[in-house]
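Below is one structure, written out as structure tokens; the observations come after it.
The values are calculated or read from the model by the stated rules, or taken from the named source; none is laboratory data. Bear in mind the structure is a predicted one, so any value in this text is a computation, not a measurement. Ideal geometry is used to build each Cβ from the backbone, glycine not excepted, and the neighbour counts take in all protein chains shown. Surface accessibility is based on the protein's heavy atoms, side chains included, excluding ligands, DNA and RNA. Shrake-Rupley method; radii C 1.70, N 1.55, O 1.52, S 1.80 Å.
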Amino acid sequence: AIGLGMNEKELKANKQLTSYVVQDMNLEPKLPFPDNSFDYVTNVVSVDYLSKPIEIFKEINRVLKPGGVLINSFSNRCFPTKAIDLWLNTQDWTHLLIVAQYFKMAGFENPEAYDITLPKGHDPMYIVEATKTKQ
């Protein structure tokens, strides 16, 4: 697994990764990978911080193999000083619609949303995913 993020210390400590890239996607939304490279891409609890989400989703679409899947997970917890205004000014159910629209605008079809919140009052947790069209 290849990781991409802004914190090299955290990436280096992640034992699940075979390699990593340190990059701020808000400053450089171009992914450093060839077209059709990955079967899966995950974006874990960071979609609310993307200032160029459509560009980034298009880049993910580019690096996914046909039939590849992008999985975005997020909750309603965030760093308010870092999250985009749209996220801060909308509710959880609207976040699902926002992320689904990012998928659509980036060329993905039929995004699906799931509530994966654990029982007994834990923080809400959601997934929106879609598959790259097979060509």
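If only residues of segment 5-21 that are modelled with pLDDT of 95 or more and part of a strand (DSSP E or B) are counted, the one that is surrounded by the fewest Cβ atoms within 10 Å (Cβ to Cβ) is 19.
Residues that are farther than 27 Å from residue 124 by Cβ, buried (at least 17 other Cβ atoms within 10 Å of the Cβ) and out of contact with any strand residue (DSSP E or B) (no Cβ under 6 Å at 6 or more places or on another chain): does segment 22-31 have at least one? Yes, there is a match, as at least one residue in segment 22-31 is farther than 27 Å from residue 124 by Cβ, buried (at least 17 other Cβ atoms within 10 Å of the Cβ) and out of contact with any strand residue (DSSP E or B) (no Cβ under 6 Å at 6 or more places or on another chain).
State yes or no: is residue 35 outside any loop (DSSP other than H, G, I, E, B) and open to solvent by 30 Å² or more (accessible area, probe 1.4 Å)? It is false that residue 35 is outside any loop (DSSP other than H, G, I, E, B) and open to solvent by 30 Å² or more (accessible area, probe 1.4 Å).
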